[in-house]
Amino acid sequence: MQEYVGLQVHWLVSLHSAHRRDQGTARLMLLDRGNYPWVNCEVPIGDYPELLIASVGTNFWIAGKIKKVEGATIELEEARLTPAE
């Protein structure tokens with residue numbers, strides 16, 4: 001799966017969980033269109049404060065670069081979120 005590392009992506013995802021980190025970031029666990037694979041990333045809380053009160057299943061568009069793929073989990077870096085309409 002290393003051939004996907006560095007690939008720029010843009011997906012519709014649904015929120016599974018958001019956990020505050022010490023570094024002023026939130027660790028997100030997302031599902032691709034509500035199903036597997038997992039899409040994980042960290043984003044600055046100051047840029048997306050609504051994530052800490054968003055409901056499970058809330059949809060977002062995520063864009064970023066694939067950092068790592070392990071089984072059914074994709075780790076993104078440089079992640080940016082926009083609300084799904």
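The values are calculated or read from the model by the stated rules, or taken from the named source; none is laboratory data. Since the model is a prediction, treat every value here as computed from it, not as a measurement. Note: ideal-geometry Cβ built from the backbone for every residue, glycine included; neighbour counts use all protein chains shown.
The numbered conditions (1) touching a strand residue (DSSP E or B) at 6+ places or on another chain (Cβ under 7 Å); (2) free of Cβ contacts under 8 Å to residues at least 40 places away in the same chain are all true for residue 49 except (1). Is it the case, given these coordinates, that residue 74 is surrounded by 15 or more Cβ atoms within 10 Å (Cβ to Cβ), assigned to a strand (DSSP E or B) and touching a helix residue (DSSP H, G or I) at 6+ places or on another chain (Cβ under 6 Å)? No, not satisfied. If only residues of the range 21-58 that are out of contact with any Leu (no Cβ under 6 Å at 6 or more places or on another chain) and among the polar types (S, T, N, Q) are counted, the one that is nearest to residue 6 (Cα to Cα) is 40. Look at the range 58-73: where a residue is touching a residue at least 24 places away in the same chain (Cβ under 8 Å) and over 16 Å from residue 15 (Cα atoms) and a partner is surrounded by 17 or more Cβ atoms within 10 Å (Cβ to Cβ) and of a type in the set (D, E, K, R), sitting 6+ places away or on another chain with Cβ atoms under 8 Å, you get 66/75; 67/75; 68/75; 69/75.
Under the condition of being free of Cβ contacts under 8 Å to residues at least 60 places away in the same chain and within 13 Å of residue 80 (Cα to Cα), which residue from the range 1-24 is farthest from the chain's Cα centre (by Cα)? Here the residue is 8. Among the residues of the range 7-46, those that are over 13 Å from residue 78 (Cα atoms) and among the acidic types (Asp, Glu) comprise 22, 32.
The set of residues in the range 39-60 that are assigned to a helix (DSSP H, G or I), at pLDDT 90 or above and surrounded by 15 or more Cβ atoms within 10 Å (Cβ to Cβ) contains only 45. Of all residues being hydrophobic (A, V, I, L, M, F, W, C) and assigned to a strand (DSSP E or B) in the range 6-20, which is surrounded by the fewest Cβ atoms within 10 Å (Cβ to Cβ)? Just the residue, please. The selected residue is 12.
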